[in-house]
Amino acid sequence: MSETQNLPPAAVTKSDEQWRAELTPEEYAVLRQAGTERPFTGEYTDNKRTGVYRCRACGSELFRSDTKFESHCGWPSFFTPLAGENVIEREDNSLGMRRVEVLCANCHSHLGHVFSGEGYDTPTDLRYCINSISLTFEPSAEDAS
């Protein structure tokens, strides 16, 4: 995972060995090492059900389905987090690009990146481009069947 300096303390702290034991190798590569799943391969890219998306590593509530939109980018896209304090945004200059990384505030797991000014017809003009493998989905009661 990328450096955690200048971040507020995480509520959930585990050793690298604990994370490796709890996550699949693919989950670990994304959540703890800031990897990215291939576009259009994630289980939630085309999910249209209503409910809440949670951090796969710690279960923290991150995004609601009513903020998800189709951006055609290959990853689930949201225009705002469920609560701003549930995510951390920080500058990411890896891969020769300037981006803003999105982390779970509760456990500091990598979720994806947020982009702005791309002209999306959303209330925020933001696109939280999140790896499906970083999320679990809890359907709403009416959509649980």
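Structure notes:
- Screening the candidates PHE78, PHE137 for the property of being surrounded by fewer than 22 Cβ atoms within 10 Å (Cβ to Cβ) and either at negative phi or acidic (Asp, Glu) (or both) yields one hit, PHE137.
A quick yes/no check of all residues on (1) more than 21 Å from GLY74 (Cβ to Cβ); (2) touching a Phe, Trp or Tyr at 6+ places or on another chain (Cβ under 9 Å); (3) free of Cβ contacts under 8 Å to residues at least 40 places away in the same chain:
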position	(1), (2), (3)
PRO8	yes, no, no
ALA11	yes, no, no
SER15	yes, no, yes
GLN18	yes, no, yes
ARG32	yes, yes, no
ARG38	no, no, yes
ASN47	no, yes, no
VAL52	yes, yes, no
ARG56	no, no, no
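- Scoring VAL100 on the criteria (1) more than 16 Å from ARG127 (Cβ to Cβ); (2) touching a His at 6+ places or on another chain (Cβ under 7 Å); (3) surrounded by fewer than 16 Cβ atoms within 10 Å (Cβ to Cβ) leaves a single failure, condition (1).
- Taken over the stretch 69-80, the criterion of being under 24 Å from ALA29 (Cα atoms) and either charged (D, E, K, R) or within 11 Å of the chain's Cα centre (by Cα) (or both) is satisfied by TRP75, PRO76, SER77, PHE78.
- Number of residues in the stretch 46-60 that are in contact with a Ser or Thr (Cβ under 6 Å, 6 or more places away or on another chain) and either over 18 Å from HIS110 (Cβ atoms) or β-branched (Val, Ile, Thr) (or both) equals 2.
- Looking only at the stretch 103-134, and only at residues there that are of a type in the set (Ser, Thr, Tyr) and under 18 Å from the mean Cα position of the chain (by Cα), the one that is surrounded by the most Cβ atoms within 10 Å (Cβ to Cβ): SER134
- Candidates in the stretch 81-97 are the residues that are in a loop (DSSP other than H, G, I, E, B) and either under 12 Å from the mean Cα position of the chain (by Cα) or modelled with pLDDT of 85 or more (or both); of these, the one that is surrounded by the most Cβ atoms within 10 Å (Cβ to Cβ) is PRO81.
- Restricting GLU27, GLU17 to those that are loosely packed, with under 11 Cβ neighbours inside 10 Å, on the phi < 0 side of the Ramachandran plot, assigned to a helix (DSSP H, G or I) and among the charged types (D, E, K, R) reduces the list to GLU17.
- In summary, HIS113 fulfils each of the numbered conditions (1) over 15 Å from LEU135 (Cα atoms); (2) assigned to a strand (DSSP E or B) with the single exception of condition (1).
- Residue in the stretch 59-75 that is closer than 22 Å to GLU118 by Cα, of a type in the set (Ser, Thr, Tyr), in contact with an Asp or Glu (Cβ under 9 Å, 6 or more places away or on another chain) and touching a residue at least 40 places away in the same chain (Cβ under 8 Å) present: yes
- Residue in the stretch 55-64 that is assigned to a strand (DSSP E or B) and basic (Lys, Arg) present: yes
- Test for VAL52: is it closer than 14 Å to SER132 by Cα, surrounded by 19 or more Cβ atoms within 10 Å (Cβ to Cβ) and among the aliphatic types (A, V, I, L, M): no
The values are calculated or read from the model by the stated rules, or taken from the named source; none is laboratory data. Because the structure is predicted, anything quoted here is derived from the model rather than measured. Virtual Cβ from ideal backbone geometry, glycine too; neighbours counted across all protein chains shown.
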